[in-house]
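Visitor: Please see the structure below; I have some questions.
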Amino acid sequence: MSEFRYLFPLRSDDLQLDKMDDKKLNPSIRHLFVEITQMYLEVRNTSSAQFSETDCSTLLLKIDSALHYVWEQLHTGQWKDVDPEWRKLYSYVSLFKALLCLELGKDEGSGLVNAIAACDMGLIMGEPILDGLLSNIADILNEKLWMLSETKRAIQENQKEHEDSNGCYPQMNKENFVETVHVPSIETFLLDIMDKKPVVITGVMDSWPAMSESRWSVDYLRKVAGYRTVPIEIGSKYTDDAWSQSLTTVNEFIDNYILTSNATAGYLAQYQLFQQIPQLKKDILVPDYCYLGTCDEIQVNAWFGPRGTISPLHYDPDHNFLSQVVGSKYIRLYSEEVTSSLYPHEQDLLFNTSQVDVEHPDLEHFPLFPSAPYLETILESGSMLYLPPRMWHYVRSLSTSFSVSFWWK
């Protein structure tokens, strides 16, 4: 597919490999990477009519071998302890693979799909390289695939879900409702809210492009990110024994879990989707209140799933704005002072998660739980919930839902 060759670096200098500290890599993988890079440049600088398909297939085998080797390195020990040079290497080899997938694709569609998948694996497992080149290539190829689609799917709403949704709403006590505030000033937030209490904030999201008339829909997400590979959780909540994780495309996730009733829930949860797909990042705005913190780093995560997905009762160490773009969620909150009545897990991995099934508690095993005071709310589209650090919260989706969380210190 010569029309996309311009996207890929042409010369060795364009790759900026001098920014890699390859001395931190094993000699064997250094040698293989040099060989792969030279072969990539030969393919890149040879017209499609001249290069040998056999040579490309040989290069693809070497690339897959290198990716497998680096994958093993990335999964040895703790992720935070892996040297960034290994992740950078994974990104470069994924870039080379993307070009090979385009050249070797038996048809235009399959070549594009495989090339996007290669870019996304580099984005998920690797380090940013060449000013976000992997992300830019994946965006362009995804748009091309959307245009090639013979039957563009119209905006679809799961009508059955809307008809049945009333049955999943909890009974609530007005005395426990979380306070709602409309666009508090920075001063009001700092003096009266921050670190003191949870509040539902309305009006702040009104200026988000995602909340405009062409707000996020199944159709829009397919167009922007349908062929992109993302990690999802399988299972209604992460404390279930059967809970697992998987990689899938956004289109497959929508087809299998959003538009189709599935006995096993799928959830794109706590994922930095906006870092992988910057086009979606343009649709949201970081709340100004986040900049009152002590650290410039703000972690932005996406939460996209069908009705019934659950985040078990837990707390996070940072401030949080949970911003509801599509659908609604039931949320129950407990203060840190009642932690002993919430029965946190004893193992280190789940120390910040309660053992209690909030809406169906086992009172024989957790007798103190009903005595713990709580607040609750239904977070609707266009509203955001401020959560102070270490506030316990339980979340259940009442409909197909897309939320954005902003964690800040």
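Visitor: In whole Hz and in residue order, list the ³J(HN,Hα) couplings for region 184-195 that follow from phi through the Karplus curve 6.51 cos²θ - 1.76 cosθ + 1.60, θ = phi - 60°; x for Gly and Pro.
Guide: x, 5, 4, 5, 4, 4, 5, 8, 10, 10, 4, 6
Visitor: Given H314, L59, Q299, which one lies farthest toward the positive end of the charge dipole of the chain, if we put +1 on the Cβ of every Lys and Arg and -1 on the Cβ of every Asp and Glu?
Guide: L59
Visitor: In addition: How big is the dipole moment of the chain about its Cα centre under a simple scheme where the beta carbon of each Lys and Arg is +1, that of each Asp and Glu is -1, and everything else is neutral? Debye, nearest 20, please.
Guide: With Lys and Arg at +1 and Asp and Glu at -1, about 560 debye.
Visitor: While we're looking at this one, here's another question. Under the rule of at least 5 residues apart or a separate chain, name every residue whose amide H is placed under 5 Å from the amide H of Y271.
Guide: When sequence neighbours closer than 5 places are left aside, the close amide H contacts are A302.
Visitor: Provide Rg and Dmax in Å for region 77-130, with only Cα atoms included in the calculation.
Guide: My reading of the Cα-based Rg and Dmax gives 12.7, 41 Å.
Visitor: Mind checking which of G126, G77, F8 is farthest towards the positive end of region 2-152's charge dipole, using Cβ charges of +1 (Lys, Arg) and -1 (Asp, Glu) about the Cα centre?
Guide: Value computed over the given set: G77.
Visitor: Could you report region 2-152's accessible area per residue, 1.4 Å probe, as an integer in Å²?
Guide: 51
Visitor: Also, quick follow-up: What share of all Cα pairs of region 180-408, in percent, falls into each consecutive 10 Å distance bin?
Guide: Answer for region 180-408: a P(r) of 7, 32, 37, 20, 4 percent.
Visitor: In debye to the nearest 20, how big a dipole does region 2-152 give about its Cα centre with +1 on each Lys and Arg Cβ and -1 on each Asp and Glu Cβ?
Guide: Charge dipole of region 2-152: 180 debye, to the nearest 20.
Visitor: Here is a further query. So how do C119, C168 rank on accessible area, 1.4 Å probe, biggest first, that is with the largest at the start?
Guide: Ranked from most to least accessible, the order is C168, C119.
Visitor: Next question, about the same structure. Give the lysines reachable from K80 as a straight Cα distance under 22 Å; neighbours fewer than 8 places away on the same chain don't count.
Guide: Of all the lysines, those that pass the test against K80 - Cα under 22 Å, at least 8 places apart if same chain - are K19, K23, K24, K88, K409.
Visitor: Defining a contact as two alpha carbons under 8 Å apart and six or more residues distant in sequence, what relative contact order in percent does region 2-152 show?
Guide: 21
Visitor: Also, quick follow-up: Between E175 and Q279, how high is the FRET efficiency from 1/(1 + (r/R0)^6) when r is the Cβ-Cβ distance and R₀ = 60 Å? Nearest 0.05.
Guide: 0.85
Visitor: Would you work out what percent of the accessible area of region 180-408, with all protein chains in place, is carbon or sulfur (probe 1.4 Å)?
Guide: The value for region 180-408 is 50 percent carbon and sulfur by accessible area.
Visitor: Show me, bin by bin at 10 Å from 0, the whole-percent P(r) of the chain based on Cα pairs.
Guide: 4, 20, 27, 24, 16, 7, 2, 0
Visitor: Taking Cα centroids, how far is region 51-101 from region 361-388 in Å?
Guide: Between the Cα centre of region 51-101 and that of region 361-388, the gap is 45 Å.
Visitor: On a 0 to 90 degree scale, rounded to 10, what angle separates helix 27-44 from the longest Cα axis of the chain?
Guide: Its long axis makes an angle of about 70 degrees.
Visitor: Right, here's the next one. For V181, which sequence-distant residues (separation of 5 or more, or a different chain) have an amide H within less than 5 Å of its own amide H, given hydrogens modelled in the peptide plane?
Guide: V200, I201, T202
Visitor: Report for the chain the percent antiparallel among DSSP-assigned beta bridges with both residues inside it, nearest 5.
Guide: Within the chain, antiparallel bridges account for around 90 percent of the total.
Visitor: Which entries in K196/K329; K62/K144; K144/K223; K174/K329; K237/K329; K97/K223 show an alpha-carbon gap greater than 19 Å?
Guide: Violating the 19 Å Cα-Cα cut-off are K196/K329; K62/K144; K97/K223.
The values are calculated or read from the model by the stated rules, or taken from the named source; none is laboratory data. Remember, predicted model here, so these are calculated numbers, not experimental data. Reconstructed Cβ throughout: ideal geometry from the backbone, glycine too, with neighbour counts over all protein chains shown. Side chains included, ligands, DNA and RNA excluded: accessible areas come from the protein's heavy atoms. Shrake-Rupley method; radii C 1.70, N 1.55, O 1.52, S 1.80 Å.
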